[in-house]
Structure formats: structure tokens, C-alpha cells
Amino acid sequence: MDFAAADLHLAIAHHLLVFALAGILAFEIGVIRAGMTGKDIVRVGRVDLWYGILAAAIVLVGFSRAIFAAKGWAFYSHNMFFWAKIATFAVIGLLSIAPTLVILRWRRALKGNDAFVPEANRIRRARRFLWLEILLFALLPAFAAAMARGYGMMNL
Ligand code: HEM
């Protein structure tokens, strides 16, 4: 496969993966809400597993693009918006731990008691984390567009 085709395929994969992750965040904030049921716990639990898989794939494809494709590592490693994007994505990953832990806790509680429903205060807390993730996620396309156009180059 020639270089241009590899670059194109990585770019397509990158976009599909980030849209899928945005979809998962939207799904989770839609399901984790006051009045959610045991069925909702099972649905969101399944989807949350995909959150981790997609995030790992985005890191893999993203770094492959930065190292092997388009402009080369020297360009990205000297670009402030590239590092802002990586740092923001890392913070989103850290924020996602809290909702994941509470979902696991609810799944365990549901196994022991079919009638279990999540506590209102834990739902509110998980939603706060999800909203923060969504807000930070919105910065990523802006950072990506700036870096792709050569803004934020650092003369190190
Ligand atoms: C570790 C994570 C990531 C890495 C290493 C990474 C890396 C890259 C690279 C190397 C490009 C090519 C830019 C160019 O054409 O010069 C790119 C483009 C892009 N990335 Fe990422 N990315 C990551 C995560 C994300 C995430 C989570 C989003 C979510 C919105 C995202 C959105 C975009 C967009 C929209 C572009 C296209 C920018 C444009 O051409 O205007 N990336 N990324």
C-alpha cells in the first residue's frame, strides 16, 4: 500500500473512531439519569466496555498518524495544539474512570438484587463527570484543526 493510501485509511479510521466515542458519551449521558432502571444498568454497562476499546484504538490510530503519516513526528512533537489535544484526551480518560466504577458497582448490586435501582446522588455524580468529559471533548476538534494547519508551532 502506498503512503498516501495509508494516510487516507488512518484518517478515515481516526474520524470514525472519534465519532463513535462521541456517540458513546451521548448514549451514556442519555441513559444515566434520574429514574434509570436495572435494564439501563445492563445496557450502559455493555456500552461502557466499548468506551475503553475505542479510546485505546484512538490512541493507537492517532499516534500512528502522528508518527508514520502526513507531516511526520517532528511536526507534531513541536506543536502546542497537538500536546494540548493529547493532554485533554488524557484528562477525559481519567474523568471516565468514575462513571465506569459506578457502573461496575451497579452491575454487581443488580446481580445480588434484581430490584436494585441506582442511588440518586450517585447518578448525579456520574452525570457531572460525563458532562465534564463532553465539554472537554468539544475542545478536541478545535485543537485538531489548529494543529493540522500548523498553528501553535513551538521553536524548540
Ligand atoms: C491520542 C489521541 C490522538 C492522537 C495522537 C491524534 C492525532 C492526530 C493526527 C496526527 C491528526 C492529523 C492532523 C493532520 O492532518 O496534520 C489528527 C487529526 C484529527 N483529529 Fe486526532 N488524535 C487523537 C485523538 C483525537 C480525538 C479524541 C479527537 C476527537 C474529536 C480527534 C479529532 C481529530 C480531528 C477532527 C482531526 C482532523 C483535523 C483536520 O484535518 O482539520 N483526535 N489527529
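The values are calculated or read from the model by the stated rules, or taken from the named source; none is laboratory data. The model shown is predicted, which means the values in this text are computed figures rather than measured ones. Using ideal geometry, Cβ is built from the backbone for each residue, glycine included, and neighbour counts are taken over all protein chains shown. For accessibility, only protein heavy atoms count, side chains too; no ligands or nucleic acids. Shrake-Rupley method; radii C 1.70, N 1.55, O 1.52, S 1.80 Å.
Stretched out straight at 0.36 nm per residue, the stretch from Met80 to Leu101 would grow longer than its current Cα-Cα span by 4.3 nm. Can you tell me how the range 41-92 classifies by the Cα gyration tensor, rounded, prolate or oblate, using a/c under 1.5 as the rounded cut? Verdict is oblate for the range 41-92.
Helices in the chain, meaning DSSP H runs of at least 4 residues, each add -39500 (n - 2.57). Divided by all residues, the mean residue ellipticity at 222 nm is -27000 deg cm²/dmol. Calculated accessible area for the chain comes out at 59 Å² per residue, all protein chains present (probe 1.4 Å; ligands, DNA, RNA ignored).
Given +1 on the Cβ of Lys and Arg, -1 on the Cβ of Asp and Glu, and no further charges, what dipole in debye does the chain carry about its Cα centre, rounded to the nearest 20? Dipole about the Cα centre, nearest 20: 560 debye. Extension gain, Ala6 to Met154, is 50.5 nm, computed as 0.36 nm per intervening residue step minus the present C-alpha separation. Under a model in which nothing but the beta-carbon of Lys, Arg (+1) and Asp, Glu (-1) is charged, the range 85-156 shows a dipole of about 180 debye around its Cα centre. Cα centroid separation, the range 5-35 to the range 132-152: 15 Å. Of the complete DSSP H runs in the chain, those spanning 27 angstrom or more by Cα along the long axis with a mean Kyte-Doolittle score not below 1.6 are 3-31. Remark on Asn79: its backbone amide H falls under 5 Å from those of Met154, a criterion applied only to residues 5 or more positions apart or on other chains, H modelled at 1.01 Å from N. When Rg and the Kirkwood Rh are both derived from Cα coordinates, the Rg/Rh ratio for the chain amounts to 1.08.
The share of accessible area on the chain that comes from carbon and sulfur is 70 percent, using a 1.4 angstrom probe.
In the complete set of protein chains, residue-level accessible area for Ile41 is approximately 0 Å², probe 1.4 angstrom. A full extension of the chain between Ile53 and Asp114 corresponds to an added length of 19.1 nm, given 0.36 nm per residue minus the alpha carbon distance.
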